[in-house]
Every structure is written in C-alpha cells, then in structure tokens.
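Chemist: Below are the structure tokens for one structure; questions will follow.
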Amino acid sequence: MPELPEIEALADHLRRHAVGLTVGRIDVSALSVLKTFDPPPSALHGQAVTGANRWGKYLGLQAGDWHLITHLSRAGWLRWSDKLAAAPLKPGKGPIALRVHLGTPGEAPSPNVAAGAAPGFDLTEAGTQKRLAVWLVDDPATVPGIATLGPDALALGPDELADVLKGNSGRLKTVLTDQKVIAGIGNAYSDEILHAARLSPFATAGKLTDGQLAALHDAMISILSDAVERSVGQQAATLKGEKRSGLRVHARTGLPCPVCGDTVREVSFADKSFQYCSTCQTGGKVLADRRLSRLLK
C-alpha cells in the first residue's frame, strides 16, 4: 500500500510534470471508483492543472476550482506516461480504472487526443479487491476520509505526539496506522518505525515512558523523512522498488535482523501481517500469532 513517502513523491511528480498543462479528457473504465458524480469528471476538461497535494495517504490533482482526489488503497497506483495512448478505455477491461489525458497550455480539449502525442496518467488497481477510490470536489475537506484525518505524521513535534497518544489504550502498531490518530503511516512504515524505536508492536500506546515517546518520535521523523528524500524525484514506476529496498524488517520474515542478526518474525491476521525483531523490540519475547497458534493445536 502506498504510504506517506510514496504519495508525497507522486504529488511531487505531478507538480513537476502536470502543472501548467490542461486536462484534455478523462476516461473512466471502472465506474465503481467514482465516489462523487456531481460534477462529472468531464467538468475538468479544458481546466489548467495548477497543483498537486497530499493529505495523509490521499493524493489530489488541482485543476481550476476542482480537486481530483484519489485514495490508492492497498493495490492502487498512479502510472505516468509522456505519450499516453489515445484510444478510449474499454469498460471493465484490465487494471486501468481511470485515465487523465493532459495537453499543452492553450490547447483546446478534444475527444480525440492525437495518438502518442499527449502526456497523462492512469490510476490502476491490481487484484480482485477493488478499493481504489476517486472524488471530484471543490473542497478536499468534503472527502469523508480527509475530513477525519489526524495530524500529519511529519508535522508532529514530540509534545504533539505525546498528546495524540495520551490515554490511548490501543496497541501501538494499531494506533500508528489509524489515520484518525496520525495521518500517513501504514503497515510497512509502522513496522520500520517500531523497529528503529525498539518498541513492541503490542505496547500500549498511552503508557509509553518519556524515553520511549522520544525514541518513537525520532524514529517516526527519521524513517519517514529518509523515505521521502529517497522517493521524491524518482519516476513513479520505480517508487515501489525504492520503498522495498529501504525496508529493514517489513516483509522480511525469516531473514536476519540487520541490527542484531536475530530472525525477523511475523504476526499474521486475516488479510495482513506485520514483522518485528523479538531481540530488538520485545526483550526476546515472541508475540502471539493467531494463525500459527491454530496450526499448532
């Protein structure tokens, strides 16, 4: 799932490549991705792109008075092309859910963009669980998920982080990935942050000591800032690989911890899992894994 660093990099890519162009045409292949219907996507035709923004894990393209906002969810992605195919999309065919054709400033919008001549991007989604979502709004705050976002992870100071976690009885891993508490952190970077902070994923969020809070804040800022620095400027096609190359424990089950050499362990749930190092994070204690426990019965 794209998280704060990847969404920030995609927004940066759109700022550098799309701002100043006009929206020539929007093709929708999967109507299910549209969460708003008034105005229709055609309202963007002929509008100049003026910016790209990020709200937590939401990505937005601004054109005229409108914001085309997407949440890529677990399997969505933005695929940029300098020479986007002009042929209309076939509804329900392939991974492309929505395509945005862009043109040069002053170019009139046309239903028939010249083949191979126009840049633009596709919003794609792999797999069978279709969760990619798109909104066209004049105010980003009207998108329900954006309206309920907590403070952005990179905007939190040490005292603000302490205030956010104060009194929270949830497990630290769960709280860090709750977008209503802190915006931008998902499954992968929460694993990395907790490993760097040497904290158990099952620690109670509201019971951290001052030292643990300081370590958590330092890890959160350093891990995310480093990932943003490595990601911004990359081509959209290389961002996923860049993310994987920087991970130290997430998705590395069975491999040695790069800090202590112990085996990276996994806790699995119905449709997701997380990874941790018991030596670095839990004092050697192996956390309960429900799936493994069932197999051992």
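Chemist: Between 43, 63, 52, which is touching a Lys or Arg at 6+ places or on another chain (Cβ under 6 Å) and either surrounded by 21 or more Cβ atoms within 10 Å (Cβ to Cβ) or touching a residue at least 60 places away in the same chain (Cβ under 8 Å) (or both)?
Modeler: Answer to the selection: 52.
Chemist: Turning to a different aspect of this structure: Which condition does residue 87 not pass, out of (1) of a type in the set (Gly, Ala, Ser); (2) closer than 25 Å to residue 227 by Cβ; (3) open to solvent by 60 Å² or more (accessible area, probe 1.4 Å), if it passes all the others?
Modeler: (2)
Chemist: Between a first residue in the range 184-206 that is under 12 Å from residue 1 (Cβ atoms) and a second residue that is among the polar types (S, T, N, Q), which pairs have beta carbons less than 7 Å apart while being 6 or more apart in sequence or on different chains?
Modeler: Correct list of pairs: 185/177; 186/177; 187/177; 190/177.
Chemist: Could you please let me know if residue 15 is among the basic types (Lys, Arg), touching a strand residue (DSSP E or B) at 6+ places or on another chain (Cβ under 9 Å) and surrounded by fewer than 23 Cβ atoms within 10 Å (Cβ to Cβ)?
Modeler: Considered against the rule, which asks whether it is among the basic types (Lys, Arg), touching a strand residue (DSSP E or B) at 6+ places or on another chain (Cβ under 9 Å) and surrounded by fewer than 23 Cβ atoms within 10 Å (Cβ to Cβ), residue 15 comes out as yes.
Chemist: Mind checking whether some residue in the range 20-30 is under 30 Å from residue 188 (Cα atoms), open to solvent by 50 Å² or more (accessible area, probe 1.4 Å) and either free of Cβ contacts under 8 Å to residues at least 12 places away in the same chain or of a type outside the set (D, E, K, R) (or both)?
Modeler: Looking for residues that are under 30 Å from residue 188 (Cα atoms), open to solvent by 50 Å² or more (accessible area, probe 1.4 Å) and either free of Cβ contacts under 8 Å to residues at least 12 places away in the same chain or of a type outside the set (D, E, K, R) (or both), one finds none in the range 20-30, hence no.
Condition check ((1) farther than 22 Å from residue 243 by Cβ; (2) at pLDDT below 95) across all residues:
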{"position": "88", "(1), (2)": "yes, yes"}
{"position": "91", "(1), (2)": "yes, yes"}
{"position": "155", "(1), (2)": "no, no"}
{"position": "161", "(1), (2)": "yes, no"}
{"position": "173", "(1), (2)": "no, no"}
{"position": "176", "(1), (2)": "no, no"}
{"position": "187", "(1), (2)": "no, no"}
{"position": "191", "(1), (2)": "no, no"}
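Chemist: Here's another thing I want to ask about it. Being more than 18 Å from the chain's Cα centre (by Cα) and modelled with pLDDT of 90 or more, is that true of even one residue in the range 102-114?
Modeler: yes
Chemist: Looking at the structure I just gave you, is residue 27 among the charged types (D, E, K, R), touching a Pro at 6+ places or on another chain (Cβ under 7 Å) and outside any helix (DSSP H, G or I)?
Modeler: So residue 27 fits the description; yes.
Chemist: Considering only residues that are among the charged types (D, E, K, R), in a loop (DSSP other than H, G, I, E, B) and open to solvent by 80 Å² or more (accessible area, probe 1.4 Å), look in the range 127-161 and name the one that is nearest to residue 3 (Cα to Cα).
Modeler: Among them, the one singled out is 131.
Chemist: Oh, and also: Just to be sure, is residue 275 buried (at least 18 other Cβ atoms within 10 Å of the Cβ) and in a strand (DSSP E or B)?
Modeler: yes
Chemist: Could I ask something else about it? Looking only at the range 68-83, count how many residues are more than 12 Å from the chain's Cα centre (by Cα) and surrounded by fewer than 23 Cβ atoms within 10 Å (Cβ to Cβ).
Modeler: Within the range 68-83, residues that are more than 12 Å from the chain's Cα centre (by Cα) and surrounded by fewer than 23 Cβ atoms within 10 Å (Cβ to Cβ) number 5.
Chemist: Could I ask something else about it? Check 36, 22 and return the single one that is touching a Phe, Trp or Tyr at 6+ places or on another chain (Cβ under 7 Å) and assigned by the TED database to the domain that holds residue 57.
Modeler: 36
The values are calculated or read from the model by the stated rules, or taken from the named source; none is laboratory data. Since this is a predicted model, take the numbers as computed values, not measurements. Please note: Cβ atoms are built from the backbone with ideal geometry, for glycine as well, and neighbour counts cover all protein chains shown. For the accessible areas, the whole protein counts, side chains as well, though only heavy atoms, and no ligand, DNA or RNA atoms are used. Shrake-Rupley method; radii C 1.70, N 1.55, O 1.52, S 1.80 Å.
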